[in-house]
Structures are given as structure tokens and as C-alpha cells.
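Below you'll find the structure, written out as C-alpha cells, and then a few comments.
The values are calculated or read from the model by the stated rules, or taken from the named source; none is laboratory data. Since we're looking at a predicted model, the values are computed, not measured. Using ideal geometry, Cβ is built from the backbone for each residue, glycine included, and neighbour counts are taken over all protein chains shown.
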Amino acid sequence: MAETPTYCSVETVAHELDCSVSTVREYVKQGKLPQPIKCGALVRWRWDDIDRWMQGSLNAKPIDPILEAAHGT
């Protein structure tokens, strides 16, 4: 069993959310995703923050405007 990482890259976040890197960056700008930690040139998210966000998003409104329109919200 693989160990859960403490920190993850934008590519890992995008993979986990099944979206593009640019979508992750846009969601951060819009405040829809937690802010990353910047360490020099590196940008990383705490895995626990992303995991909690995903768990909380299970019952949240869709963040995609197309999904919102499809659901009539």
C-alpha cells in the first residue's frame, strides 16, 4: 500500500480531481480550492487540505458553471 504524501504538486492535484492544471490554478484564484504553500520556486498543497476539500465537496454545489447550468442551480 502506498503511503499518502504530505505535500503534492499541482499535477497531482489535477490528477486527483480529474481536471487540467490550468483548472486547478483557476479554482485557486477563485477561492474554490485551498491556497498552496510556496517554497522558493515550488508550489505545493498539503495533501490533508486537498483530501478534506474533496470530502467536503461531495455534498457541495458543483463548481463547474456547466454542471451548475445542467442542474438548474
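Quick notes on this structure:
- Taking the criterion of being surrounded by 13 or more Cβ atoms within 10 Å (Cβ to Cβ) and of a type in the set (A, V, I, L, M), the residues of segment 36-53 that qualify are 43, 50.
- Failed item, numbered, when residue 64 is tested on (1) touching a Lys or Arg at 6+ places or on another chain (Cβ under 7 Å); (2) surrounded by 12 or more Cβ atoms within 10 Å (Cβ to Cβ); (3) modelled with pLDDT under 90: (1)
- Filter result for residue 16 (at pLDDT 90 or above, of a type outside the set (Lys, Arg), within 11 Å of the chain's Cα centre (by Cα) and farther than 23 Å from residue 4 by Cβ): no
- Residues in segment 42-53 that are out of contact with any helix residue (DSSP H, G or I) (no Cβ under 8 Å at 6 or more places or on another chain) and of a type outside the set (Asp, Glu) were compared, and the one that is nearest to residue 17 (Cα to Cα) is 53.
- Residue count for segment 9-31 satisfying the condition of being out of contact with any Asp or Glu (no Cβ under 8 Å at 6 or more places or on another chain) and either of a type in the set (Val, Ile, Thr) or not in a loop (DSSP other than H, G, I, E, B) (or both): 16.
- Among all residues of segment 26-41, there is none that is touching a helix residue (DSSP H, G or I) at 6+ places or on another chain (Cβ under 8 Å) and modelled with pLDDT under 85.
- Residues that are surrounded by 16 or more Cβ atoms within 10 Å (Cβ to Cβ) and under 14 Å from residue 52 (Cα atoms) within segment 9-35 comprise 13, 17, 33, 34, listed in sequence order.
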